[in-house]
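Remarks on the structure that follows.
The values are calculated or read from the model by the stated rules, or taken from the named source; none is laboratory data. Keep in mind the model is a prediction, meaning the values are calculated, not measured. Glycine also receives a Cβ, built like all others from the backbone with ideal geometry; neighbour counts cover every protein chain displayed. Remember, those area values only see protein heavy atoms, side chains included, never the ligands or the DNA or RNA. Shrake-Rupley method; radii C 1.70, N 1.55, O 1.52, S 1.80 Å.
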Amino acid sequence: KSEKRGTISKISRELKEIVFIIQSQSNSFHSKRAEDLKRDILKQAADLGKELPTVLLIHQMDGHEGAWTILPLMRDFSVTYGRNSSWIFFCEEDTRIQVVKLLETLGRFDGSKEWFLGKALYDEESTIIHHYAFAENPTVFKFPDFAAGWALSIALVNKLAKKLKSEPLKSDFTIDLKHEIALYIWQKGEGPHLTPVPEFCTDDVNSYKVDHCATTFSNFLPLCGEPVKKEDVFVAVKTCQKFHGDRIPVVKQTWEREAALIEYYSDYADISIPTIDLGIPNTDRGHCGKTFAILERFLNHSSPRTPWLVIVDDDTLISIFRLRKLLSCYDPNEPVFLGERYGYGLGTGGYSYITGGGGMVFSKIAVQKLLASKCRCYSMDAPDDMVLGMCFSGLGIPITHSPLFHQARPMDYPKGYLSHQIPISFHKHWNIDPVKVYFTWLAPNTEESLNGKKVGYNREDL
């Protein structure tokens, strides 16, 4: 008995030395998910009968628009937890944690040494979304799959905090956070590489494979009741005359039929499509003028009762069918601006934005608030997605991130990363057969069936 008591007190001591950080978001759907996970972690800890660990929600951390990029928080972590903790453990709201297993797993590593632990992802090839640091052989550089959870020893946190003090983060883009964090920690070879930990898993909670797992992942595509109605989603496609011949036919062969309300906006009215000329000339750079004209039109001319607007490029491949499921989780009475989140200048008071190619989703109320403000394009050819991010940031309306929207092609992502997703969009036709990509990755007949399990369908190396 006393031996058992000894083990439990050791567990509680170790548990108290872990700080859990949940990658939460302030949107009501997401914050509730994160709160549920926090409750679950604390309940497991309480069931062990011992002192509770610290569990923090990233969106509640004060004043950091860029808190989600994690590195700006290192100094706070070091100051607050640098003496009494051993590990900072990060996870997503849909990561599920077996606390005792996690303790056993972390117990194999000495927290006073510099450790960076996670489930390893790597690039098959260097592509646009990534840095070219490893272009010769990208598979050698490993970075963590956030869905499985990942951990930094406090020794490493203290070291990173010190480094950030002397060399503040440069104010440029945050595009692929997991890769950028791993690159920063690696410090051109002077810092630790990611150590792969087999107990950090992304298999479904109910899978037979998860017996050895300390973490699992519970959500391939959220669904919170009936999917929103087809008529509740208005789709705006941005195009221009030079792409009418090659890109628009792809939309028509693939996802157009899933959309009940769809309009094509161009610099030229072509009745065969048909496109609507918004009277805004096409630009080679950004499309801010065109996008704001679309927002005005949605508010003033579209069906006044349509609660959701999606703006996509003419080379975006999207599943409206799956998007309607996802939107069942969001409250259309909240200002929602949803898609794949990037950051600009977040080390120095910049802003987050939704990257346009993967699709930008707005609740009508978000569009109303935006247009009621004075925030507009600083030039007609400014990048629309960045201006929108700046405007919403100024209005205090948060960006809502979903990893199911993709700014690039399926082949541009690690296979392991896509394996726990039912994706909503991909972007670009470059060097692929876009119709084939759509039918392989996004078409409704490849839908998950059989009581929510994913069906295996053939995703050749596209």
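Report, by residue number, each residue of segment 259-275 that is open to solvent by 30 Å² or more (accessible area, probe 1.4 Å) and closer than 16 Å to HIS301 by Cβ. Working first, answer last.
Initial filter on segment 259-275 (open to solvent by 30 Å² or more (accessible area, probe 1.4 Å)): 260-263, 267-272, 274.
LEU261, ILE262, GLU263, ALA269, PRO274, listed by residue number.
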Legend entry - Pick from segment 388-435, criterion closer than 22 Å to LYS238 by Cα and of a type in the set (Lys, Arg), ranking: most open to solvent (accessible area, probe 1.4 Å): LYS428
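Filter segment 221-262 down to residues that are acidic (Asp, Glu) and outside any loop (DSSP other than H, G, I, E, B), then give me how many there are.
First, the residues of segment 221-262 that are acidic (Asp, Glu): 226, 231-232, 246, 256, 258.
Applying the additional criterion that residues be outside any loop (DSSP other than H, G, I, E, B) yields 231-232, 256, 258.
Selection size over segment 221-262: 4.
Can you name the residue in segment 164-208 that is part of a strand (DSSP E or B) and buried (at least 18 other Cβ atoms within 10 Å of the Cβ) and, of all such residues, is modelled with the lowest pLDDT? Lay out the reasoning, then the answer.
Pass one, segment 164-208, residues part of a strand (DSSP E or B): 173-174, 195-196, 200-204.
If we keep only those that are buried (at least 18 other Cβ atoms within 10 Å of the Cβ) too, we end up with 174, 200-202, 204.
Working: THR174: 92, PHE200: 97, CYS201: 96, THR202: 94, ASP204: 83.
Among them, the one singled out is ASP204.
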Inset, instruction - Take LEU152 and decide whether it is surrounded by 22 or more Cβ atoms within 10 Å (Cβ to Cβ), in a strand (DSSP E or B), touching an Asp or Glu at 6+ places or on another chain (Cβ under 9 Å) and in the same structural domain as ARG33 (by the TED database). - result: yes
Inset, instruction - Kindly list the number of the only condition in (1) farther than 28 Å from PRO332 by Cβ; (2) outside any helix (DSSP H, G or I); (3) without any contact (Cβ under 8 Å) to a residue 40 or more places away in the chain that fails for ASP211. - result: (2)
Inset, instruction - Determine whether segment 59-69 contains at least one residue that is assigned by the TED database to the domain that holds ALA147 and closer than 20 Å to SER218 by Cβ. - result: yes
